[in-house]
Amino acid sequence: MKGHPLQNRFVLISGCSGAGKSTLLADLRARGYPVVEEPGRRIIAHELASGGKALPWVDAAAFLHRAIDVALKDMEMAKAHSGWVFFDRGLVDAASALQALTGEPVLHPNCSIHRYHGRVFMTPPWPEIYVTDSERRHGFEAATAEHRRLMETLPTLGYDVISLPKLSPSARADFVLATLGGGILTEA
């Protein structure tokens, strides 16, 4: 399924929590590529600072509705960039999680209209580097369940899922760029 040509520049990095997404994206940012931070972490930071309740461990549905809104705004704002734009999680992650949690049919309506590049890069479970922190409170088992759900969901949306090898962040960034065809914009 081809997305709008503009969204073909929007590359989604998703997968298991704590498996190196943010570190990979930091490497891509250091190389000069625009990176969109994970919606969930931004929401959690805001809610913790403001005493809000839209937190995954307090009101998961409210958190995920907010994550969908943030992801849609992120995609709109990313249109200002030329070339590849890399997303640390995004709309598919939030809509998939909300639909799994509540049964609310949000996945296909949102994700059919708002598309990323046809290839989505997934970080596989990597227990040797997994850690929790103040914003990632769920355990490794929950992280692997999330990974399984996304691995099942993404192909139903027409995405080609590419598992990232367990390599250094720099080698992973090289792999992503080579898979996309280097720094040159290509159609999905």
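The values are calculated or read from the model by the stated rules, or taken from the named source; none is laboratory data. Computed from a predicted model, the values in this text were never measured in an experiment. Here Cβ is always computed from backbone atoms with ideal geometry, including for glycine, and neighbour counts include all displayed protein chains. SASA here: full protein model, heavy atoms, side chains in, ligands and nucleic acids out. Shrake-Rupley method; radii C 1.70, N 1.55, O 1.52, S 1.80 Å.
Observations
- In segment 39-63, residue nearest to Phe87 (Cα to Cα) [restricted to those that are in contact (Cβ under 8 Å) with a residue 12 or more places away in the chain and touching a Gly at 6+ places or on another chain (Cβ under 9 Å)]: Pro39
- Those helices (runs of 4 or more DSSP H) of segment 1-106 in which 2 or more residues are open to solvent by less than 70 Å² (accessible area, probe 1.4 Å) and closer than 21 Å to Val176 by Cα occupy 21-30, 60-78, 91-102.
- The single condition among (1) more than 17 Å from the chain's Cα centre (by Cα); (2) in a helix (DSSP H, G or I); (3) modelled with pLDDT of 75 or more that Arg172 does not satisfy is (1).
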